[in-house]
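Undergrad: If you scroll down you'll find the structure; I have some questions about it.
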Amino acid sequence: MAANFLNHPPGPRKQRVFRLHTNLEGWTDAELRRRYRFGQHGINFIGDVIKNDLERATNRNCALSVQHQVMITLRYLASGSFLQVVGDTLGFDKSTVSRTIKRVTEALVMKADTFIRWPDATTKSSIKTGFYRLAGFPNVVGCIDGTHVRIQAPSHDENSFLNRKGYHSINVQAVCDHDGKVTNINASWPGSVHDSHIFRTSQIRTYLEEEENGLFENGVLLGDSGYACRPFLLTPYANPQTEPEEKYNQAHARTRSEIERTFGRLKRRFHVLHSEIRMKPDRACRIIIACVVLHNIAINLGEPEDDDEVEEDQPQVPAFQGQQDGRGVRDYVTQHYFS
């Protein structure tokens with residue numbers, strides 16, 4: 001009996017069935033956004049952007065299409081689920097999901113310079129006006145802050161990734177504009193590193209200090225009290241003594257809150273950044289950059305976001321003639337705009 005069973009010729013191999021919904025027209029944009037954070041146009045746009053990096057010459061009948069790869073990756077980033085859960089949900093093996101996410105995130109990171117860009121002169125003017133309309137703070141080209149993205153405990157140099165809150169993370173520094181678009185990102189430092197050190201050693205500091213000459217009239221960043229007050233990075237007064245200084249701090253806080261809202265939107269849109277990235281630190285850093293690229297694409301495409309309507313235009317900002325140090329510039333702004 002056993003011999004007959006062992007010698008029985010195997011039947012035809014069962015055809016592999018993909019459970020991932022491949023007909024985007026079968027979903028409404030609202031249904032797609034709930035699952036993938038992008039509507040049909042957005043998913044197609046992302047596929048077109050990284051198509052050349054994902055298409056591979058192969059004779060396999062079941063090779064994943066570009067659309068398949070994009071949707072698998074978006075589902076992972078949007079849900080923050082385990083790879084096994086994403087695979088079971090969409091009908092793929094865990095290893096396939098892992099390889100696909102790696103390919104797509106690498107392709108998105110390669111496009112970072114296209115979608116994460118420091119503003120040129122024309123764009124700066126629009127950003128300054130946009131920030132001024134928020135709270136009347138002049139000459140702001142960006143708000144800067146850091147946020148921690150939780151990762152699994154790494155096997156190498158674990159203590160470096162343990163942050164002050166007691167969990168392992170990547171400390172991500174970002175600069176945003178008035179629309180919440182990220183214009184500069186640094187996602188390469190472990191969680192134990194302080195925000196001020198990341199900025200002090202960053203390319204954006206070097207650019208503002210050397211290329212922009214550190215001048216107030218060229219535009220300033222707003223940062224919290226964890227940063228040093230510089231001519232190109234203004235911080236709040238620690239102990240405001242006058243009414244203008246109080247008004248300065250209020251306007252500073254209302255304007256700088258845009259970076260906090262940006263982090264909130266980013267983590268709500270891509271829940272993997274809000275939960276935990278269960279990958280090695282180098283891959284986690286690429287996941288973060290990929291999410292920021294997708295975040296900016298979503299803004300460019302007009303994916304649904306709440307916008308505040310404001311009307312006030314920024315007046316002409318005169319050149320600062322005083323001593324070029326952070327406190328001097330801060331006092332100048334306080335006296336001229338908040339007295």
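Undergrad: Testing residue 317 on (1) modelled with pLDDT under 95; (2) out of contact with any Pro (no Cβ under 6 Å at 6 or more places or on another chain), one condition comes back false. Which one is that?
TA: (2) is the only condition that residue 317 fails.
Undergrad: Hey, another quick one. Could you list, in sequence order, the residues of segment 245-260 that are among the acidic types (Asp, Glu) and farther than 23 Å from residue 173 by Cα? If you could, list the steps in order and put the result at the bottom.
TA: Of the residues in segment 245-260, the ones among the acidic types (Asp, Glu) are 245-246, 258, 260.
Selection gives 245, 246.
Undergrad: Pairs needed: first member in segment 115-131, at negative phi; second member anywhere, modelled with pLDDT of 95 or more and open to solvent by 60 Å² or more (accessible area, probe 1.4 Å); C-beta distance under 7 Å; at least 6 residues apart or different chains.
TA: Partner pairs satisfying both residue conditions: 130/179.
Undergrad: Now a separate question. Can you confirm whether segment 190-205 contains a residue that is touching a helix residue (DSSP H, G or I) at 6+ places or on another chain (Cβ under 9 Å) and assigned to a helix (DSSP H, G or I)?
TA: Looking for residues that are touching a helix residue (DSSP H, G or I) at 6+ places or on another chain (Cβ under 9 Å) and assigned to a helix (DSSP H, G or I), one finds at least one in segment 190-205, hence yes.
Undergrad: Just to be sure, is residue 148 touching a Gly at 6+ places or on another chain (Cβ under 6 Å), part of a strand (DSSP E or B) and either open to solvent by 10 Å² or more (accessible area, probe 1.4 Å) or of a type in the set (Val, Ile, Thr) (or both)?
TA: Values: touching a Gly at 6+ places or on another chain (Cβ under 6 Å): yes; part of a strand (DSSP E or B): yes; either open to solvent by 10 Å² or more (accessible area, probe 1.4 Å) or of a type in the set (Val, Ile, Thr) (or both): yes.
It is true that residue 148 is touching a Gly at 6+ places or on another chain (Cβ under 6 Å), part of a strand (DSSP E or B) and either open to solvent by 10 Å² or more (accessible area, probe 1.4 Å) or of a type in the set (Val, Ile, Thr) (or both).
Undergrad: List, please: which pairs have Cβ atoms under 7 Å, are six or more places apart or on different chains, and start with a residue in segment 280-299 that is under 15 Å from residue 73 (Cα atoms) and end with one that is open to solvent by 30 Å² or more (accessible area, probe 1.4 Å) and modelled with pLDDT under 95?
TA: Taking only residues 6 or more apart or on different chains, not a single pair turns up.
Undergrad: So residue 69 passes all but one of these: (1) under 18 Å from residue 291 (Cα atoms); (2) touching a helix residue (DSSP H, G or I) at 6+ places or on another chain (Cβ under 9 Å); (3) open to solvent by 10 Å² or more (accessible area, probe 1.4 Å). Which condition number does it fail?
TA: That leaves (3) as the condition not met.
Undergrad: Quick one: residue 238 ticks every box in (1) under 25 Å from residue 187 (Cβ atoms); (2) open to solvent by 10 Å² or more (accessible area, probe 1.4 Å) except a single one, so which number is it?
TA: Among (1) under 25 Å from residue 187 (Cβ atoms); (2) open to solvent by 10 Å² or more (accessible area, probe 1.4 Å), residue 238 violates only (1).
Undergrad: Against the condition among the hydrophobic types (A, V, I, L, M, F, W, C) and without any contact (Cβ under 8 Å) to a residue 40 or more places away in the chain, how does residue 208 come out, does it pass? Reasoning before the result, please.
TA: Working: among the hydrophobic types (A, V, I, L, M, F, W, C): yes; without any contact (Cβ under 8 Å) to a residue 40 or more places away in the chain: yes.
Yes; evaluated as a whole, the condition is true for this residue.
Undergrad: Of these, 200, 205, 254, 269, which one is open to solvent by 20 Å² or more (accessible area, probe 1.4 Å) and under 27 Å from residue 104 (Cβ atoms)? Can you show your working first?
TA: Working: 200 fails: under 27 Å from residue 104 (Cβ atoms); 205 fails: under 27 Å from residue 104 (Cβ atoms); 254 fails: under 27 Å from residue 104 (Cβ atoms).
Just a single option satisfies the conditions, and that option is 269.
The values are calculated or read from the model by the stated rules, or taken from the named source; none is laboratory data. These numbers were taken from a predicted model, which means no experiment stands behind them. Using ideal geometry, Cβ is built from the backbone for each residue, glycine included, and neighbour counts are taken over all protein chains shown. What goes into the accessible areas is simple: the full protein's heavy atoms, side chains included, and nothing from ligands, DNA or RNA. Shrake-Rupley method; radii C 1.70, N 1.55, O 1.52, S 1.80 Å.
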